[in-house]
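K.L.:
Pasting in a structure now, in structure tokens, and then I'll have a few things to ask.
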Number of protein chains: 2
Amino acid sequence: MPKQLITPWDFRLGNVDYSYIIKQFGLEPADDELISRIKDPHRLFKRKLIFAHRDFDRILEAQERGEEFVVVTGMMPSGRFHFGHKLIAELLAWYQRQGVKLYIAVSDIEACIVRGLDARECRRITFEEYVLNYLALGVDLLNTKKCCIYSQWKNYHVRDFALMASSKITLSHVQAMYGLESSSNVGKIFFPFIQVADILHPELPELGGPKPVLVPVGVDQDVHIRLARDIAPKFEMIRPSSIYIKMMCGLQGPGTKMSSSKPESAVFLSDLPEEAGKKIKNAFTGGRMTAKEQRKLGGQPDQCVPYMFLLFHFGDKILKKTFDECTSGTVLCGECKARIAEEVRRFLKEHQFKMEKARNLLPKVEELQPLL
Amino acid sequence: MPKQLITPWDFRLGNVDYSYIIKQFGLEPADDELISRIKDPHRLFKRKLIFAHRDFDRILEAQERGEEFVVVTGMMPSGRFHFGHKLIAELLAWYQRQGVKLYIAVSDIEACIVRGLDARECRRITFEEYVLNYLALGVDLLNTKKCCIYSQWKNYHVRDFALMASSKITLSHVQAMYGLESSSNVGKIFFPFIQVADILHPELPELGGPKPVLVPVGVDQDVHIRLARDIAPKFEMIRPSSIYIKMMCGLQGPGTKMSSSKPESAVFLSDLPEEAGKKIKNAFTGGRMTAKEQRKLGGQPDQCVPYMFLLFHFGDKILKKTFDECTSGTVLCGECKARIAEEVRRFLKEHQFKMEKARNLLPKVEELQPLL
């Protein structure tokens, strides 16, 4: 039996062993000392949902000295925007408010070539799903000094650098990292270099030269970070830093995945609020076999999808209250889920109102971000 | 002893066995029947300097039916323009005069990444060596309906298609064709797809869709043709056709190479006419050991570099006369070389005058060919 959680924040989804991941991937833990250096940290830091890093010290140092650094992220325009994507968007907005410039890559090359989407559909998804949600979540896409959002097809800094970078790395190096085989297509061997170029191109001389770059990712993306870190010194660039975010699981519970293309696996930010509420009510919980048992032993928030929504997305007060009432057995799953569903509904109503307002800005985004 | 030539045109450089090459590479010979279908053929056809092809019938058919086809070529902006390059330029001009559109790729990606040239130097060479010579040799670079000359870095039709094409071919396929190893860099695996895209991009829907494409090449470039022919059907394109030009050897004689970067190996179109004349006079000839022997046996034009210049570049009359006087032993090498040197000097004087006149057109080329 997994160890019972003792605070509302000490969350391990299902039985994920984050110390093992840290060891396996060779990451540094995001410990209290590190977090204490962040002024007014984002809840992802406070709640240890960012659990590990590579060279995050360099970012903190730059921030402490008032020196420039940038944040890089990517979006795959092939599905709907869900609560997992929301986390990244909020973190971007948080950094941007502190004066940090964002580089947001739309991974439309891979979407087109690997996933077979046509360019028009990628563009529709980019605007309808990503741009609208980013705007509604407070990312300023209109201030080009503080944000560059771009299509990989159109950004030739990225495309050119990908070619240059690919000529510095041997085939066996890529094969070892990505496990490619002779039957892999050549595109697949080249795509990682486009992602590396997304990460490193802000350090190009044309874009102001070497500077610290921070990439918030899930640990599944770490291989790209490692390749970018291998390549950076070959171009006299600073190795990029990364922070690793715990992944929300799918609505079916620990071990399942939120997927942009599976409506039943995730709550999307464009779901009708009522529909989203129903999804929460039907989600997997940490309830016991019987009500009696649950009143005696308490529920298990670390197995509970609705609780995960609170932890990743909502305020301290409701989180603490829910944790206490759950683990003490005071409030059972039905009542608790209804309350969380209500939170989600309320959030979505407000958010979707902001999205509709943001729609007016789309032509302006298109005009000001010519690479999009 | 190699078989003595019996006509001025039946030229094998040194002892190159063109029938063997045709068999080895799986080409079709450019036989009399094929050539007879060309109206007023270029001297490269008439003299069998174009000795083989793939699917050239398709080009002839298009021409016979008055249907569109295009001619594609590439230039490596990393050295000086010599008499070998001149052949291709003249053939391009000849096709263009018949209303055929040309696509001329400046291979600046490879020049930068593999040969380490910087972009500014590539550009200088492109204009000073290639554009000026092309213009002086009658290629119309100003008529954008009849010519697109482009930098690979800037042509995103090409760059985008290279990515798409690379996703259709497996690593083992490329390894088998190009003999790549695990220690090869990834760029090297990707470059062939840029060349394939140079060849196939005129068939993209944005550029009018499938059409016959003709690529005049040396047999050393055949691997790119084969890869392009493998890829074309995957995009519902017509397999490109190719014609194979015999290669001029270096000034040191059969078995040596004309090289853009070795001044002593070739005559460049920007050589001072006097200097060029000297190069011809010092070039390897097919003379016998003694004057007496040569008067008796005659010279060997198929071993003779100055004769090669006549065959590849000058008129029928001087060629026939030289052949007869050489093989009959009437005129010895010294006198003969002086005569050919004079031809080369005369040509260069006139050509360099045209180049200087063409210089005025450079700003216009730059303006009208935005991808250059």
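What follows is calculated from the coordinates using simple rules that are stated; it is not laboratory data. These figures come from a predicted structure and were not determined experimentally. Positions of Cβ are generated from backbone atoms using ideal geometry, with glycine treated the same way; all protein chains shown enter the neighbour counts.
K.L.:
What are the GluC sites (Glu not before Pro) within segment A:224-328 that DSSP puts in a loop, where the Cβ has at most 15 other Cβ atoms within 10 Å? Don't skip to the answer; put the middle values down first.
P.N.:
Numbers: sites: A:Glu236, A:Glu264, A:Glu274, A:Glu275, A:Glu293, A:Glu325; in loops: A:Glu236.
Hits after loop and neighbour filter: A:Glu236.
K.L.:
Taking Rh as the Kirkwood radius computed over C-alpha pairs, what is the Stokes-Einstein D of segment A:263-353 at 10 °C in a medium of viscosity 1.306 mPa s, expressed in µm² per second? Can you show the working numbers first?
P.N.:
Working: Rh = 13.2 Å.
The diffusion coefficient I find is 120 µm²/s.
K.L.:
Right, next: State to the nearest 20 debye the size of the charge dipole of segment B:18-245 about its Cα centre, where the only charges are +1 on K and R beta carbons and -1 on D and E beta carbons. Present the calculation step by step, with values, prior to reporting the outcome.
P.N.:
Working: 29 positive and 28 negative charges, 60 e Å.
Using Cβ point charges on Lys, Arg, Asp and Glu, segment B:18-245 gives about 280 debye.
K.L.:
Ok, one more. Below 8 Å between Cα atoms, with a sequence gap of 6+, how large is the relative contact order for segment A:164-217 in percent? Before the final figure, lay out the partial values.
P.N.:
Values: 21 pairs, mean separation 12.6, N = 54.
Answer for segment A:164-217 is 23 percent.
K.L.:
Follow-up question, since we're still on this one. Report the charge-dipole magnitude of segment A:179-232 in Debye, nearest 20, computed about the Cα centre from +1 at each Lys and Arg Cβ and -1 at each Asp and Glu Cβ. Don't skip to the answer; put the middle values down first.
P.N.:
On the way: 4 positive and 7 negative charges, 10 e Å.
That gives a dipole near 40 debye.
K.L.:
Could you tell me what percent of the DSSP beta bridges with both partners in segment B:18-245 are antiparallel, to the nearest 5?
P.N.:
Values: 6 of 23 bridges.
So the antiparallel bridges amount to about 25 percent of the total.
K.L.:
Sum up the charges of everything whose Cβ sits under 12 Å from the Cβ of A:Leu132, counting Lys and Arg as +1 and Asp and Glu as -1, but leave A:Leu132 out.
P.N.:
On the way: positive: A:Arg80, A:Arg124, A:Lys354, A:Lys357, A:Arg359; negative: A:Glu128, A:Glu129, A:Glu356.
My count for the surroundings of A:Leu132 gives +2.
K.L.:
For segment B:118-138 and segment A:141-190, write down the distance between their C-alpha centroids in whole Å.
P.N.:
31 Å
K.L.:
Can you bin every Cα-Cα distance in chain B into 10 Å intervals starting at zero and give me the percent of pairs per bin, rounded to whole numbers?
P.N.:
Here the calculated profile for chain B is 5, 22, 32, 26, 12, 3, 0.
K.L.:
Separate question: Restricting to the protein assembly as shown, compute how many DSSP beta bridges are antiparallel as a %, nearest 5.
P.N.:
On the way: 18 of 52 bridges.
The antiparallel fraction comes to roughly 35 percent.
K.L.:
Can I ask one more? For chain A, set up a Gaussian network in which alpha carbons nearer than 10 Å are linked by springs, and say which option among A:Tyr244, A:Tyr156, A:Tyr95 fluctuates the most.
P.N.:
In this elastic network of chain A, the residue with the biggest mean-square fluctuation among A:Tyr244, A:Tyr156, A:Tyr95 is A:Tyr156.
K.L.:
Lys and Arg at +1, Asp and Glu at -1: add these up for the other residues within a Cβ distance under 15 Å of A:Ala93 and post the number.
P.N.:
Every neighbour counted, the sum reads +3.
K.L.:
Please check which bits of segment A:264-299 a label hung off A:Thr330 would reach, taking the label as a point 7 Å along Cα-to-C-beta and the cut-off as backbone N under 20 Å.
P.N.:
Zone members listed by number: A:286-288, A:291-299.
K.L.:
Which residue, A:Asn133, A:Val213, A:Ile225, has the largest displacement toward the positive end of the dipole of chain A when charges sit on each Cβ (Lys, Arg +1; Asp, Glu -1)?
P.N.:
Positive-most Cα among the choices belongs to A:Asn133.
K.L.:
Sticking with this structure for a sec: Once fully extended, how much extra length lies between A:Asn143 and A:Lys292, figured as 0.36 nm per residue of separation less the alpha-carbon to alpha-carbon distance?
P.N.:
48.0 nm
K.L.:
Label-point separation (nm) for B:Leu361 and A:Glu206, each offset 7 Å from Cα along Cα-to-Cβ?
P.N.:
According to this spin-label approximation, the distance is 3.0 nm.
K.L.:
Ok, one more. Using alpha-carbon positions, what is the distance between the centroids of segment B:276-305 and segment A:276-355, in Å?
P.N.:
Here the answer is 96 Å between Cα centres.
K.L.:
Let me check against my output: what whole-number percent is the relative contact order of segment B:35-151, with C-alpha pairs under 8 Å and at least 6 apart?
P.N.:
Values: 129 pairs, mean separation 33.4, N = 117.
Taking the mean separation of contacting Cα pairs over the length of segment B:35-151, I get 29 percent.
K.L.:
Give the shape of segment B:1-151 as rounded, prolate or oblate, defined through the alpha-carbon gyration tensor: a ≥ b ≥ c are the square roots of its eigenvalues, a/c under 1.5 means rounded, and otherwise the shape is prolate if a/b is larger than b/c and oblate if not.
P.N.:
Numbers: a/c = 2.03, a/b = 1.35, b/c = 1.50.
It comes out oblate by the Cα gyration axes.
K.L.:
Could you identify which residue out of B:Pro202, B:Pro212, B:Pro233 has the top mean-square fluctuation in a GNM of chain B using Cα springs shorter than 10 Å?
P.N.:
Checking each option, the largest mean-square fluctuation is seen for B:Pro233.
K.L.:
Taking H placed 1.01 Å from N in the peptide plane, check which residues at least 5 places from A:Val106 or on another chain put their amide H under 5 Å from its amide H.
P.N.:
The list, which skips near neighbours in sequence, is A:Met75, A:Tyr150, A:Ser151, A:Gln152.
K.L.:
Give me the percent relative contact order of segment A:18-247, please, defined on Cα pairs under 8 angstrom at least 6 residues apart.
P.N.:
24 percent
K.L.:
With labels modelled as points extended 7 Å from the Cα through the Cβ direction, what inter-label distance (nm, one decimal) is found for A:Glu67 paired with B:Glu274?
P.N.:
Reported label-point gap for A:Glu67 and B:Glu274 is 6.0 nm.
K.L.:
Another question, then. Mind listing which GluC sites (Glu not before Pro) in segment B:141-217 are in a DSSP loop and have 13 or fewer other Cβ atoms within 10 Å? Write out the running numbers ahead of the final one.
P.N.:
Working: sites: B:Glu181, B:Glu203, B:Glu206; in loops: B:Glu181.
Within segment B:141-217, the qualifying GluC sites (Glu not before Pro) (loop, at most 13 other Cβ atoms within 10 Å) are B:Glu181.
K.L.:
Charges at C-beta only: +1 for Lys and Arg, -1 for Asp and Glu. How large is the resulting dipole of segment A:5-141 about its Cα centre, in Debye rounded to 20?
P.N.:
340 debye
K.L.:
Determine the calculated [θ] at 222 nm for the protein assembly as shown from helices alone, applying -39500 (n - 2.57) to every DSSP H run no shorter than 4 residues and normalising by the residue count; nearest 500 deg cm²/dmol. Intermediate values should be presented prior to the final figure.
P.N.:
Values: 36 runs with 349 residues, N = 744.
Taken over the protein assembly as shown, the calculation gives -13500 deg cm²/dmol.
K.L.:
So, one more: Please compute the modelled spin-label separation between B:Glu33 and B:Val223, points set 7 Å along Cα→Cβ, answer in nm with one decimal.
P.N.:
3.3 nm
K.L.:
I need the shape label for segment B:221-372. Rule: rounded when a/c is under 1.5, else prolate if a/b > b/c, else oblate, with a, b, c from the alpha carbon gyration tensor. Before the final figure, lay out the partial values.
P.N.:
On the way: a/c = 2.68, a/b = 1.52, b/c = 1.76.
Since a/c reaches 1.5 but b/c is at least a/b, the shape of segment B:221-372 is classed as oblate.
K.L.:
For the protein assembly as shown, what is the Kirkwood estimate of the hydrodynamic radius, computed as the reciprocal of the mean inverse distance between distinct Cα atoms, to one decimal in Å?
P.N.:
On the way: mean 1/r = 0.0332 Å⁻¹.
About 30.2 Å, per the Kirkwood formula over Cα pairs.
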